[in-house]
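The values are calculated or read from the model by the stated rules, or taken from the named source; none is laboratory data. Not measured: the values here are computed from a predicted model. For neighbour counting, all protein chains shown are included, and Cβ atoms are generated from backbone atoms with ideal geometry for every residue, glycine included. Accessible surface areas use protein heavy atoms only, side chains included; no ligands, DNA or RNA. Shrake-Rupley method; radii C 1.70, N 1.55, O 1.52, S 1.80 Å.
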Amino acid sequence: MQAPPLLEATNLTKRYGRVLALDNVTFTVGDGITGLLGPNGAGKSTAIKLFLGLLQPTQGAAQVMGAQPYRDVNARSLIGYMPEHDCLPTSVNASEFLTHMAQVSGLPPAQARTRAADTMRHVGLDEARYRSIGEYSTGMKQRVKLAQAIVHDPRLVLLDEPTAGLDPGGRDEMLDLVRRTGRDFGISIVFSSHLMGEVERTCDNIIVLEAGRVTQQGSVTGFTENTDILAVEVDARHDELIAALASSGIEAGRDGNSVLVAHESGEHLAAIQDALIKAQAPLRRMAFRRRMLTEIFRDGPEE
(Lines give C-alpha, C1' and ligand atoms only; values in the text may rest on other atoms or scores of the structure.)
Protein backbone atom coordinates (compact mmCIF):
# COMPACT_ATOMS: atom_id res chain seq x y z
CA MET A 1 0.00 0.00 0.00
CA GLN A 2 1.39 3.37 -1.01
CA ALA A 3 2.21 5.74 1.85
CA PRO A 4 0.23 9.01 1.93
CA PRO A 5 1.97 12.32 1.12
CA LEU A 6 3.67 14.12 3.99
CA LEU A 7 1.14 16.94 3.62
CA GLU A 8 -2.01 17.00 1.53
CA ALA A 9 -4.49 19.83 1.04
CA THR A 10 -7.77 18.82 -0.60
CA ASN A 11 -10.17 21.61 -1.61
CA LEU A 12 -8.87 23.45 1.45
CA THR A 13 -10.74 26.64 2.32
CA LYS A 14 -10.36 28.93 5.32
CA ARG A 15 -12.39 32.04 6.09
CA TYR A 16 -11.90 34.61 8.83
CA GLY A 17 -15.31 36.22 8.85
CA ARG A 18 -15.60 37.90 5.46
CA VAL A 19 -11.93 37.42 4.66
CA LEU A 20 -11.15 34.43 2.43
CA ALA A 21 -7.60 33.39 3.39
CA LEU A 22 -7.50 30.12 1.41
CA ASP A 23 -9.80 29.47 -1.52
CA ASN A 24 -10.33 25.80 -2.40
CA VAL A 25 -6.62 24.91 -2.70
CA THR A 26 -5.34 21.42 -3.50
CA PHE A 27 -1.68 20.35 -3.35
CA THR A 28 0.63 17.71 -1.90
CA VAL A 29 4.06 17.89 -0.27
CA GLY A 30 6.54 15.01 -0.51
CA ASP A 31 10.12 14.38 0.52
CA GLY A 32 12.80 17.05 0.13
CA ILE A 33 12.56 20.81 0.57
CA THR A 34 9.35 22.42 -0.71
CA GLY A 35 9.02 26.18 -1.02
CA LEU A 36 5.68 27.72 -0.10
CA LEU A 37 6.05 30.98 -1.96
CA GLY A 38 3.84 34.03 -2.16
CA PRO A 39 3.50 37.68 -1.16
CA ASN A 40 2.45 38.70 2.33
CA GLY A 41 -1.23 37.91 2.79
CA ALA A 42 -1.23 35.11 0.20
CA GLY A 43 -2.35 32.48 2.74
CA LYS A 44 0.98 30.83 3.56
CA SER A 45 0.78 31.20 7.35
CA THR A 46 -2.86 30.11 7.35
CA ALA A 47 -1.95 26.93 5.47
CA ILE A 48 0.83 26.19 7.96
CA LYS A 49 -1.51 26.68 10.95
CA LEU A 50 -4.04 24.32 9.39
CA PHE A 51 -1.40 21.60 9.00
CA LEU A 52 -0.28 22.20 12.59
CA GLY A 53 -3.84 21.67 13.79
CA LEU A 54 -4.00 25.18 15.26
CA LEU A 55 -6.94 26.01 12.98
CA GLN A 56 -9.79 24.02 11.50
CA PRO A 57 -10.68 24.46 7.83
CA THR A 58 -13.91 26.07 6.79
CA GLN A 59 -14.18 23.46 4.04
CA GLY A 60 -11.97 20.69 2.68
CA ALA A 61 -9.18 18.91 4.51
CA ALA A 62 -5.54 19.34 5.55
CA GLN A 63 -3.78 16.04 6.24
CA VAL A 64 -0.42 15.22 7.80
CA MET A 65 0.72 11.79 6.61
CA GLY A 66 -2.89 10.71 6.22
CA ALA A 67 -4.21 12.19 9.49
CA GLN A 68 -6.06 15.41 10.17
CA PRO A 69 -4.01 17.24 12.87
CA TYR A 70 -6.96 19.26 14.17
CA ARG A 71 -8.69 15.95 14.99
CA ASP A 72 -5.76 13.62 15.67
CA VAL A 73 -3.25 15.17 18.09
CA ASN A 74 -0.78 12.33 17.46
CA ALA A 75 -0.21 13.72 13.96
CA ARG A 76 1.37 16.81 15.49
CA SER A 77 4.29 14.79 16.89
CA LEU A 78 5.37 13.97 13.34
CA ILE A 79 6.13 17.59 12.45
CA GLY A 80 8.16 20.51 13.79
CA TYR A 81 7.43 24.22 13.49
CA MET A 82 9.63 27.30 13.34
CA PRO A 83 7.40 30.37 13.77
CA GLU A 84 8.12 33.68 12.09
CA HIS A 85 7.78 35.89 15.16
CA ASP A 86 10.03 36.05 18.21
CA CYS A 87 8.45 33.81 20.86
CA LEU A 88 11.41 32.45 22.82
CA PRO A 89 11.80 32.57 26.62
CA THR A 90 14.55 35.03 27.52
CA SER A 91 15.51 33.96 31.04
CA VAL A 92 16.66 30.38 30.29
CA ASN A 93 19.64 29.15 28.31
CA ALA A 94 19.39 27.29 25.02
CA SER A 95 20.45 23.96 26.55
CA GLU A 96 17.63 24.05 29.11
CA PHE A 97 15.08 25.21 26.58
CA LEU A 98 15.88 22.60 23.94
CA THR A 99 16.03 19.80 26.49
CA HIS A 100 12.62 20.86 27.76
CA MET A 101 11.18 20.99 24.23
CA ALA A 102 12.55 17.52 23.47
CA GLN A 103 10.92 16.15 26.64
CA VAL A 104 7.62 17.85 25.85
CA SER A 105 7.73 16.01 22.51
CA GLY A 106 8.02 12.68 24.33
CA LEU A 107 11.76 11.96 24.62
CA PRO A 108 12.97 10.61 28.00
CA PRO A 109 15.27 12.97 29.98
CA ALA A 110 18.64 11.40 29.10
CA GLN A 111 17.78 11.12 25.40
CA ALA A 112 16.39 14.66 25.43
CA ARG A 113 19.67 16.06 26.78
CA THR A 114 21.71 14.16 24.18
CA ARG A 115 19.43 15.21 21.37
CA ALA A 116 19.50 18.86 22.53
CA ALA A 117 23.32 18.84 22.56
CA ASP A 118 23.50 17.29 19.07
CA THR A 119 20.98 19.81 17.71
CA MET A 120 22.83 22.81 19.19
CA ARG A 121 26.04 21.65 17.53
CA HIS A 122 24.18 21.31 14.23
CA VAL A 123 22.84 24.89 14.34
CA GLY A 124 26.15 26.37 15.54
CA LEU A 125 25.17 27.24 19.13
CA ASP A 126 27.33 24.74 21.00
CA GLU A 127 29.65 27.37 22.54
CA ALA A 128 26.73 29.62 23.55
CA ARG A 129 24.48 26.88 24.93
CA TYR A 130 24.66 28.10 28.54
CA ARG A 131 23.99 31.78 27.81
CA SER A 132 20.50 33.18 28.39
CA ILE A 133 18.49 33.34 25.19
CA GLY A 134 17.69 36.96 25.99
CA GLU A 135 21.37 37.79 25.36
CA TYR A 136 21.33 36.26 21.88
CA SER A 137 21.47 38.21 18.63
CA THR A 138 18.61 37.95 16.13
CA GLY A 139 20.55 35.39 14.10
CA MET A 140 21.21 33.23 17.15
CA LYS A 141 17.54 33.36 18.13
CA GLN A 142 16.57 32.21 14.64
CA ARG A 143 18.93 29.26 15.10
CA VAL A 144 17.28 28.42 18.44
CA LYS A 145 13.88 28.49 16.76
CA LEU A 146 15.11 26.11 14.08
CA ALA A 147 16.71 23.88 16.71
CA GLN A 148 13.52 23.53 18.75
CA ALA A 149 11.64 22.62 15.56
CA ILE A 150 13.94 19.65 14.85
CA VAL A 151 15.08 18.56 18.33
CA HIS A 152 12.47 15.76 18.51
CA ASP A 153 13.54 14.36 15.08
CA PRO A 154 10.30 14.96 13.17
CA ARG A 155 9.59 13.61 9.69
CA LEU A 156 8.76 17.10 8.46
CA VAL A 157 9.45 20.64 9.66
CA LEU A 158 7.50 23.78 8.73
CA LEU A 159 9.62 26.95 8.55
CA ASP A 160 7.68 30.23 8.46
CA GLU A 161 9.92 33.00 7.04
CA PRO A 162 13.11 31.59 8.65
CA THR A 163 15.32 34.48 7.47
CA ALA A 164 13.08 37.24 8.88
CA GLY A 165 15.12 40.05 10.46
CA LEU A 166 18.49 38.79 9.24
CA ASP A 167 21.09 40.76 7.30
CA PRO A 168 22.34 39.39 3.94
CA GLY A 169 25.16 37.42 5.58
CA GLY A 170 22.80 35.99 8.17
CA ARG A 171 20.30 35.01 5.48
CA ASP A 172 22.98 33.13 3.56
CA GLU A 173 24.01 31.26 6.71
CA MET A 174 20.41 30.34 7.52
CA LEU A 175 19.71 29.10 3.99
CA ASP A 176 22.82 26.94 4.16
CA LEU A 177 21.70 25.61 7.54
CA VAL A 178 18.26 24.75 6.16
CA ARG A 179 19.83 22.80 3.29
CA ARG A 180 22.17 20.96 5.70
CA THR A 181 19.24 20.13 7.98
CA GLY A 182 17.47 18.42 5.12
CA ARG A 183 20.62 16.61 4.00
CA ASP A 184 22.22 15.64 7.34
CA PHE A 185 19.09 14.90 9.40
CA GLY A 186 16.96 13.50 6.56
CA ILE A 187 14.09 15.80 7.57
CA SER A 188 11.78 17.04 4.85
CA ILE A 189 11.07 20.77 4.96
CA VAL A 190 8.36 23.22 3.97
CA PHE A 191 10.04 26.60 3.54
CA SER A 192 7.55 29.46 3.60
CA SER A 193 8.87 32.73 2.17
CA HIS A 194 7.89 35.78 0.13
CA LEU A 195 11.46 36.03 -1.23
CA MET A 196 11.77 34.21 -4.53
CA GLY A 197 15.56 34.18 -4.53
CA GLU A 198 15.63 32.25 -1.22
CA VAL A 199 13.22 29.62 -2.51
CA GLU A 200 15.13 29.24 -5.77
CA ARG A 201 18.43 28.71 -3.94
CA THR A 202 17.09 26.35 -1.29
CA CYS A 203 14.12 24.31 -2.48
CA ASP A 204 13.55 21.26 -4.65
CA ASN A 205 9.87 21.94 -5.29
CA ILE A 206 7.60 24.95 -5.14
CA ILE A 207 3.97 25.81 -4.41
CA VAL A 208 2.96 29.38 -5.25
CA LEU A 209 0.07 31.01 -3.41
CA GLU A 210 -1.51 34.28 -4.47
CA ALA A 211 -4.64 35.72 -2.87
CA GLY A 212 -5.41 32.37 -1.25
CA ARG A 213 -5.12 30.29 -4.43
CA VAL A 214 -2.47 27.99 -5.85
CA THR A 215 -1.21 29.56 -9.07
CA GLN A 216 1.87 27.40 -9.72
CA GLN A 217 3.37 24.18 -8.43
CA GLY A 218 6.12 21.83 -9.52
CA SER A 219 9.89 21.33 -9.35
CA VAL A 220 12.10 24.41 -9.09
CA THR A 221 14.22 23.14 -11.98
CA GLY A 222 11.10 23.01 -14.12
CA PHE A 223 10.50 26.72 -13.51
CA THR A 224 14.16 27.69 -13.93
CA GLU A 225 14.92 25.66 -17.05
CA ASN A 226 17.18 27.08 -19.76
CA THR A 227 15.76 29.68 -22.14
CA ASP A 228 16.86 30.33 -25.73
CA ILE A 229 18.71 33.47 -24.60
CA LEU A 230 22.49 33.11 -24.75
CA ALA A 231 24.33 35.10 -22.05
CA VAL A 232 27.81 36.09 -23.22
CA GLU A 233 29.69 37.25 -20.13
CA VAL A 234 32.75 39.40 -20.85
CA ASP A 235 35.10 41.36 -18.59
CA ALA A 236 35.11 44.54 -20.71
CA ARG A 237 34.17 46.13 -24.08
CA HIS A 238 30.48 45.28 -23.81
CA ASP A 239 29.38 48.13 -26.09
CA GLU A 240 31.99 47.14 -28.69
CA LEU A 241 30.69 43.56 -28.65
CA ILE A 242 27.10 44.71 -29.08
CA ALA A 243 28.18 46.90 -32.03
CA ALA A 244 30.12 44.00 -33.61
CA LEU A 245 27.10 41.75 -33.28
CA ALA A 246 24.86 44.42 -34.82
CA SER A 247 27.18 44.69 -37.82
CA SER A 248 26.53 40.97 -38.39
CA GLY A 249 22.77 41.48 -38.15
CA ILE A 250 22.46 40.10 -34.60
CA GLU A 251 20.46 42.13 -32.10
CA ALA A 252 21.86 42.07 -28.57
CA GLY A 253 21.41 43.86 -25.27
CA ARG A 254 23.36 44.25 -22.06
CA ASP A 255 22.50 42.95 -18.58
CA GLY A 256 25.28 43.64 -16.10
CA ASN A 257 28.45 41.95 -17.32
CA SER A 258 26.56 39.86 -19.85
CA VAL A 259 25.55 40.55 -23.44
CA LEU A 260 22.28 38.78 -24.19
CA VAL A 261 21.66 37.23 -27.60
CA ALA A 262 18.65 35.26 -28.86
CA HIS A 263 20.31 32.03 -30.03
CA GLU A 264 18.66 30.70 -33.18
CA SER A 265 21.12 28.46 -35.00
CA GLY A 266 24.63 27.06 -35.12
CA GLU A 267 25.60 29.83 -37.52
CA HIS A 268 24.65 32.30 -34.82
CA LEU A 269 27.25 30.82 -32.51
CA ALA A 270 30.00 31.23 -35.11
CA ALA A 271 28.97 34.87 -35.63
CA ILE A 272 29.16 35.50 -31.87
CA GLN A 273 32.67 34.07 -31.76
CA ASP A 274 33.69 36.31 -34.69
CA ALA A 275 32.17 39.34 -32.92
CA LEU A 276 34.13 38.57 -29.75
CA ILE A 277 37.36 38.59 -31.75
CA LYS A 278 36.42 41.74 -33.63
CA ALA A 279 35.47 43.61 -30.43
CA GLN A 280 38.50 42.26 -28.54
CA ALA A 281 36.13 41.45 -25.70
CA PRO A 282 37.65 39.06 -23.12
CA LEU A 283 35.19 36.19 -22.76
CA ARG A 284 34.57 34.90 -19.23
CA ARG A 285 31.86 32.37 -20.04
CA MET A 286 28.94 31.74 -22.38
CA ALA A 287 25.80 29.80 -21.43
CA PHE A 288 22.07 29.76 -21.94
CA ARG A 289 20.29 31.95 -19.41
CA ARG A 290 18.08 30.15 -16.95
CA ARG A 291 14.59 31.37 -16.27
CA MET A 292 14.19 33.05 -12.86
CA LEU A 293 11.37 32.52 -10.36
CA THR A 294 10.63 36.24 -10.55
CA GLU A 295 9.19 35.56 -14.01
CA ILE A 296 6.38 33.53 -12.42
CA PHE A 297 4.93 36.73 -11.02
CA ARG A 298 5.90 38.94 -13.94
CA ASP A 299 4.32 36.65 -16.54
CA GLY A 300 1.38 35.50 -14.41
CA PRO A 301 0.07 31.96 -14.06
CA GLU A 302 0.51 29.59 -16.98
CA GLU A 303 -2.64 28.47 -18.70
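Summary of values
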quantity: Unique match (being among the hydroxyl-bearing types (Ser, Thr, Tyr), buried (at least 16 other Cβ atoms within 10 Å of the Cβ) and touching a strand residue (DSSP E or B) at 6+ places or on another chain (Cβ under 9 Å)) among 130, 70; calculated: 70
quantity: Selected residue [assigned by TED's automatic domain parsing to the domain that holds residue 105 and without any contact (Cβ under 8 Å) to a residue 24 or more places away in the chain] from 162, 168; calculated: 168
quantity: Residue that is nearest to residue 247 (Cα to Cα) [pool: residues in region 274-287 that are loosely packed, with under 13 Cβ neighbours inside 10 Å and either of a type in the set (Val, Ile, Thr) or within 40 Å of the chain's Cα centre (by Cα) (or both)]; calculated: 277
quantity: Meets criteria (hydrophobic (A, V, I, L, M, F, W, C), buried (at least 20 other Cβ atoms within 10 Å of the Cβ), modelled with pLDDT of 90 or more and more than 30 Å from residue 159 (Cβ to Cβ)) for residue 209; calculated: no
quantity: Given (1) out of contact with any Asp or Glu (no Cβ under 7 Å at 6 or more places or on another chain); (2) surrounded by fewer than 19 Cβ atoms within 10 Å (Cβ to Cβ), index of the condition residue 32 fails; calculated: (1)
quantity: Test for residue 143: is it touching a helix residue (DSSP H, G or I) at 6+ places or on another chain (Cβ under 7 Å) and either under 27 Å from residue 199 (Cα atoms) or in a loop (DSSP other than H, G, I, E, B) (or both); calculated: yes
quantity: Whichever residue in region 235-257 is among the small types (Gly, Ala, Ser) and closer than 14 Å to residue 269 by Cβ and, among such residues, is surrounded by the fewest Cβ atoms within 10 Å (Cβ to Cβ); calculated: 248
quantity: Among (1) at pLDDT 95 or above; (2) buried (at least 16 other Cβ atoms within 10 Å of the Cβ) - the single one residue 59 does not satisfy; calculated: (2)
quantity: Among residues of region 86-112, those that are among the β-branched types (Val, Ile, Thr), within 26 Å of residue 74 (Cβ to Cβ) and open to solvent by 60 Å² or more (accessible area, probe 1.4 Å), counted; calculated: 1
quantity: Extreme residue, surrounded by the fewest Cβ atoms within 10 Å (Cβ to Cβ), among residues of region 169-206 that are of a type in the set (Asp, Glu) and more than 10 Å from residue 35 (Cα to Cα); calculated: 184
quantity: Every residue from region 150-159 that is open to solvent by 10 Å² or more (accessible area, probe 1.4 Å) and on the phi < 0 side of the Ramachandran plot; calculated: 152, 155
